[in-house]
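In what follows, a structure is listed as C-alpha cells, so that the remarks can point back to it.
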Amino acid sequence: MNLFTTPGPITITCHKRITPYLEKEVIDLGFTINQLFVTGVRLTGTINDCIKLNLNLRCASQVLYSLKTFDAENADDIYKNLVDIAWEDILPEDGYFSVTSNVQNETINNSMFANLRVKDAIVDRLRDKTGKRPSTGAALTGTVIHLFWKMESAEIFIDTSGESLARHGYRKIPGLAPMLEGLAAATILATNWNRLNPFINPMCGSGTLAIEAALIATNRRPGLFRNNYAFKHVKGYDESVYKKEYALLEDQIKDVPSLRIIASDISAKAIENARKNAIAAGVQQLIEFSVCDFAATEIPENGEGVMMMNPEYGERMGEVTDLEATYSGIGDFMKKQCKGYFGYIFTGNLDLAKKIGLKAKRRIEFYNSTIDCRLLEYELYGGSKRELKID
C-alpha cells in the first residue's frame, strides 16, 4: 500500500485560538474539513495531499497522517499495538527517525517513556523484518512518528511536517520578544485588511508583522523558504510531486504595484535586523523601513488601510508603569494621525490597553505562547463621527 496515494485521516494542528484562520486556509486550498477542534482540524486525504498542505499553510503547526487508532491503558499496550504495524513499508532502509508525543495518561508521568516504547516497537519490528536497526534521535530531520495518547485512547501518526510549520523559515534574526510567524499571519488574517490598501506597522521589532503582510498580499507561501519536510523521508516519496507543488508556489506569486507597507522602530538595530529578515523572505522591496518613534511613522492620507502594532506587555511593575504613557500615546497617535484607518493593537495586558482611551470595536482572542492576548480593533473614523471613550 502506497500511503502517498491512499486516503486516510489527516489532522492539522495549530496553536489555540488560531483554528478559524487555519480552517479558512484549508478550505481555500480546496479541501473539505470533517471536524474542527480547539487546536486544529481534521480531514481526509493522502500524504501527497499533505505535501500541498505543508507547503501552503501559514497558520498550521503540524500535518499528521493517521496510521492507526487503538485503546491503550499503559505503555505496554502502546508497544503491542505498534509492533504489528508494517514499519518496513514506511521507514526507508538505513533511515533515521524520531518520535514526538502528546500524552495525557495517568500511568505515564514522563512522556519520554511513552516515546521510548514507540521507538522500541518500531526498532524491534524493523530488526525482525530486515535484520537492521534504524538510527533514532531527537532531531526532526528524518521520518517523524507522532503519538497522541489521551486517557485510554491512542492514535499513531506519520508527522509529515517535522519542524513546526509555524516557523516560516525566513526569520534569521528573531529580536528580543518575537511573535511566532504563524501567529503573526493569523492576526493579520483576522483584520479587515484588503491586501491592497496601506499596511502600517510601527514598533515593528524584527519585522515579522510587516513581512507576513507582504507575503500574504503577494501570495508568497511558507513552502518557498524551506526545503526539508518529514514527508521526504517516508517510503514511496515521489520528488516530482513535491517539485510540481513547489512550482505552483512560484507561479501564484502576485504583483501588487500600488501596495505600501510601512514599518518603523525607534531602534536602528531592530530596523537593520528587520531589513535582513525581509531580504531573506524576498520582500525587502515591498516594505518601507524607517527609524523613528511610533508617533512619527508616516501614515498615508486617505489610505483607508490598517495600522497594526504589537507593543510590549510589561512583566514587572516598573515596566507596566512606564508603558502606561506608551499606551496612552498610542491612543493619541491613532486618534490624530490614523483617521480613516482600522487600528489594531495586539497585547497581553488589557489593563494597559485601557490607557489607549478608545473603545475597541472587536476583541479577538489569541495566545502568544502561554500569554492570554487580545487583538483589539479600533475603527478610526475620518469624518466627524466622534471616537467613543471607555467608561
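Couple of notes before you dig in:
- Considering only residues in the range 107-140 that are touching a Ser or Thr at 6+ places or on another chain (Cβ under 8 Å) and part of a loop (DSSP other than H, G, I, E, B), the one that is surrounded by the most Cβ atoms within 10 Å (Cβ to Cβ) turns out to be LEU140.
- Selected residue [hydrophobic (A, V, I, L, M, F, W, C), touching a residue at least 12 places away in the same chain (Cβ under 8 Å) and over 24 Å from ILE12 (Cβ atoms)] from VAL103, VAL118, VAL123, VAL144: VAL123
- Qualifying residue in the range 28-41 (condition: closer than 19 Å to ALA186 by Cα, of a type in the set (Asp, Glu) and at pLDDT 95 or above): yes
- Only a single criterion out of (1) modelled with pLDDT under 95; (2) assigned by TED's automatic domain parsing to the domain that holds LYS68; (3) crowded, with 19+ Cβ neighbours inside 10 Å is not satisfied by GLY175, namely (2).
- Residue within the range 214-223 that is at pLDDT 95 or above, polar (S, T, N, Q) and on the phi > 0 side of the Ramachandran plot present: yes
Each row is one residue, and each column tells you yes or no for (1) touching a Ser or Thr at 6+ places or on another chain (Cβ under 6 Å); (2) hydroxyl-bearing (Ser, Thr, Tyr); (3) at positive phi.
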{"residue": "ILE262", "(1), (2), (3)": "no, no, no"}
{"residue": "GLN284", "(1), (2), (3)": "no, no, no"}
{"residue": "PHE294", "(1), (2), (3)": "no, no, no"}
{"residue": "VAL306", "(1), (2), (3)": "yes, no, no"}
{"residue": "SER328", "(1), (2), (3)": "no, yes, no"}
{"residue": "LEU352", "(1), (2), (3)": "no, no, no"}
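- Verdict on GLU272 being among the charged types (D, E, K, R), in the same structural domain as THR187 (by TED's automatic domain parsing) and free of Cβ contacts under 8 Å to residues at least 40 places away in the same chain: yes
- The range 189-212, residues that are crowded, with 24+ Cβ neighbours inside 10 Å and either part of a helix (DSSP H, G or I) or β-branched (Val, Ile, Thr) (or both): ILE200, THR208, LEU209, ALA210, ILE211, GLU212
- Of the residues making up the range 88-116, those that are under 30 Å from the mean Cα position of the chain (by Cα) and either closer than 28 Å to ASN2 by Cβ or of a type in the set (D, E, K, R) (or both) are ILE90, LEU91, PRO92, GLY95, TYR96, PHE97, SER98, VAL99, THR100, SER101, ASN102, ASN115.
- Test result for VAL256, part of a loop (DSSP other than H, G, I, E, B) and either over 21 Å from the mean Cα position of the chain (by Cα) or surrounded by fewer than 14 Cβ atoms within 10 Å (Cβ to Cβ) (or both): yes
- For LYS129, the criteria (1) touching a helix residue (DSSP H, G or I) at 6+ places or on another chain (Cβ under 9 Å); (2) outside the structural domain of GLY95 (by TED's automatic domain parsing) hold in every case but one, which is (2).
- Scanning the range 222-246 for residues that are more than 13 Å from LYS52 (Cα to Cα), hydrophobic (A, V, I, L, M, F, W, C) and either touching a helix residue (DSSP H, G or I) at 6+ places or on another chain (Cβ under 6 Å) or in a loop (DSSP other than H, G, I, E, B) (or both) gives a single hit, VAL234.
The values are calculated or read from the model by the stated rules, or taken from the named source; none is laboratory data. All of these numbers come straight from a predicted model, not from anything done at the bench. Don't worry about glycine lacking a Cβ; one is built from the backbone with ideal geometry, like all the others, and counts go over all protein chains shown.
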